[in-house]
Amino acid sequence: MRLLESKPEKKSGMAGGTILSIVLHSGLLFLAIFATARAGIDKNKKDKAEKVNFVEVKKKEEPPPPEEKKKEEPPKPKEKPKPAPKPKAPRVVKLPVLPKEAPLAPPKGFKVVLPPVAIPTNLPAIDLSAKITNEADFSGKGVAGGTAGGVKGGTGKEGDTGKEAGAKETLKTTPYMEFQVEQPVVKTGGANPEYPGSLRDNGTEGEVLAQFVVGENGRYEAGTLKILKSSHPMFTNAVKEALPGMRFSAARIGGEKVKQLVQMPFEFNLSR
């Protein structure tokens with residue numbers, strides 16, 4: 001750059017003009033430098049301004065966060081079992097005391113000795129501690145099974161000390177022996193044993209001793225027959241066949257019919 005040289009002035013104003021010139025030139029130089037620098041900055045800005053296309057990038061799906069494990073609740077403390085209630089004391093109920101029934105008196109009559117089922121072959125042992133037998137208890141008068149000191153119409157048992165008679169009781173069904181009844185059994189009719197023909201032809205005679213029970217109806221009670229003695233089996237069969245057809249008058253005690261155990265002989269003899 002060329003600087004125009006101004007006309008030379010006087011020396012007095014030369015120093016001031018020099019300073020002014022320097023200042024002006026410095027200002028111009030500064031402006032020039034500033035303008036140049038500014039122009040470079042603007043150019044750089046224009047050069048850098050470019051079209052930019054933004055592409056949206058899909059974000060990767062983040063995996064779901066892991067489920068948090070539920071914390072196991074601590075077990076509840078077991079409740080202490082309640083103490084069992086104390087059992088209540090049982091209530092005692094007083095029952096009314098029933099009046100004791102007075103024992104009934106035994107019937108007025110006589111004692112009965114029951115026949116043995118099996119006829120003993122030996123004499124029985126004597127019991128010295130047994131009560132002395134009252135002779136009056138075996139008079140045969142009154143009701144069988146009673147006692148001489150009993151009450152008429154009494155239904156008590158032997159040994160009872162009651163005084164009331166009680167309801168009337170029928171005689172027991174146990175068969176009596178002949179000596180125990182007032183009226184023994186008597187054969188009144190009906191069938192008789194037939195003589196076996198073969199034994200008749202041979203001239204054989206014999207006897208059968210049978211034991212059986214005659215009921216209150218005066219008939220032989222089936223199943224009670226027992227052959228005590230027989231001279232021949234054919235005679236025995238003849239008695240068995242005829243016995244159901246026989247008729248008897250029943251035994252009696254105090255006017256009442258009773259059963260009796262009968263022992264009856266049947267003889268088979270040939271008339272000569």
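For an R0 of 51 angstrom, estimate the FRET efficiency from the Cβ-Cβ distance between GLU194 and GLU256 and round to the nearest 0.05. Taking R0 as 51 Å, the efficiency between GLU194 and GLU256 is 0.90. The chymotrypsin sites (Phe, Trp or Tyr not before Pro) found in region 176-272 include none that occupy coil by DSSP while having at most 11 further C-beta atoms within 10 Å.
With 31 Å as the limit on Cα-Cα distance, the pairs of LYS187/LYS229; LYS131/LYS229; LYS131/LYS259 that go past it are LYS131/LYS229.
The numbers here are math on the coordinates, done by the rules we state, and not lab data. For clarity, every value in this text was computed on a predicted model and none was experimentally measured. Methodologically, a virtual Cβ is constructed for each residue, glycine included, from the backbone with ideal geometry; neighbour enumeration extends over all protein chains shown.
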